Amino acid sequence: MRRSAPASRVVLATDLDGTFVGGTPQQRDSLVEWIREHREQLVLVFVSGRGQAHMRELARSLSLQPDCLIGDVGTSVDSPLPGYAQVLRPVRRWLDAAWPADASQRIERAMAGHPALRSQGDVGGRRKSYWYDDAAAAQRAQADMRALGFDVLLSDNQYFDVLPHGVQKGPTLLRTLRALRLPPHRTLVAGDTLNDLSMFRSGFSGVAVANREPALEQALRGLPQVHLSRLPGAAGVLDALQRFHACGGDRTWLRNS
């Protein structure tokens, strides 16, 4: 198995729920079929808040093998391709170094003072995750987590993720591309919620699908490299990917979107 993909290939780094598997089953099938037809010209990276096991199961159900899996809101990285395992070790070491051995215990002790937030239980990666429905309570908890030196990501008006400082989807994707010797300028990112914002802010060309979180759309205003699609989920990804691929990653595709 090759250790790194040729630099001439286009990279699709896509969120899953609401994005790659969003829209109708027919729209998803059309996206998957297009990727299969162009698989030798494309590097496929799943970038999700879901864990590694869930992403592998999804890939199996779609009969589609991604090159790389960035999971747990950017706090885990893996690949189903044996040749990539050693190449990704520096990224995993970076993630380990950002998450102290006592991180979970410190977070749990502090979060005990915020009973309005409910633990999601055991999750993968280097993170602690909670649900919330009270924005004010979430903001108070966020302040306490930041005081401890952690980052907090609120998304979709319900998810509260405590992450290592400086670690989210975007930074992990950048390090992953560097490890695999893949060019960021030939990478298209796709997403629909605030936990995808760090990818869009990392300078990649991007598409925010039509069913995007309103807060994400507001945050993306003023980013000229991001297309705000009028198509939902997989249909929005396919439309942008076809244009991006046809232009070889050149941002002229945005003029026709």
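Worth pointing out:
- Amide H contacts of V152 (H built 1.01 Å from N, in plane; Pro and chain starts excluded): L163 sit under 5 Å, all sequence-distant by 5 or more or on other chains.
- The long axis of helix 25-37 is offset from the longest Cα principal axis of the chain by roughly 60 degrees.
- Think of each Lys and Arg Cβ as +1 and each Asp and Glu Cβ as -1; about the Cα centre, that makes the dipole of the chain roughly 900 debye.
- Shape parameters for region 100-163, alpha-carbon atoms, Rg then Dmax in Å: 10.5, 30
- The chain shape via C-alpha gyration tensor axes, a/c threshold 1.5: prolate
- Fraction of antiparallel bridges per DSSP, the chain only, in percent to nearest 5: 40
- As a rough footprinting exposure proxy, the listed residues S63, S129 were ranked by other beta carbons within 10 Å of their own, and the order from fewest upward is S63, S129.
- By the Stokes-Einstein formula, at 0.890 mPa s and 25 °C, region 114-257 with its Kirkwood radius over alpha-carbon pairs has D equal to 150 µm²/s.
- Shape category assigned to region 1-89 from the gyration tensor of Cα positions, a/c cut at 1.5: oblate
- Helix 135-147 axis, angle to the chain major axis (alpha carbon atoms, nearest 10°): 80
- Just checking the listed ones, V189, V45, V87: in the Gaussian network model of the chain with Cα springs under 10 Å, the one fluctuating most is V87.
- Taking other C-beta atoms within 10 Å as the exposure proxy, Y159, Y130 rank Y159, Y130 from fewest upward.
- Once both labels are positioned 7 Å from their Cα atoms along Cα-to-Cβ, the gap between E33 and R181 label points is 3.6 nm.
- Once C-alpha pairs closer than 8 Å and six or more residues apart are averaged by separation and normalised to the residue number of the chain, the relative contact order reads 22 percent.
- Cα gyration tensor, region 7-48 - rounded (a/c under 1.5), prolate or oblate: oblate
- Secondary structure note: in region 1-103, about 25% of the DSSP beta bridges are antiparallel.
- Only Lys, Arg (+1) and Asp, Glu (-1) charged, at Cβ; region 100-163 dipole about Cα centre in debye: 180
Any read-out appearing in this document is the output of simple, stated calculations on the displayed coordinates, not a laboratory observation. Keep in mind the model is a prediction, meaning the values are calculated, not measured. With ideal geometry, Cβ positions are generated from the backbone for all residues, glycine too; neighbour counts draw on all protein chains shown.
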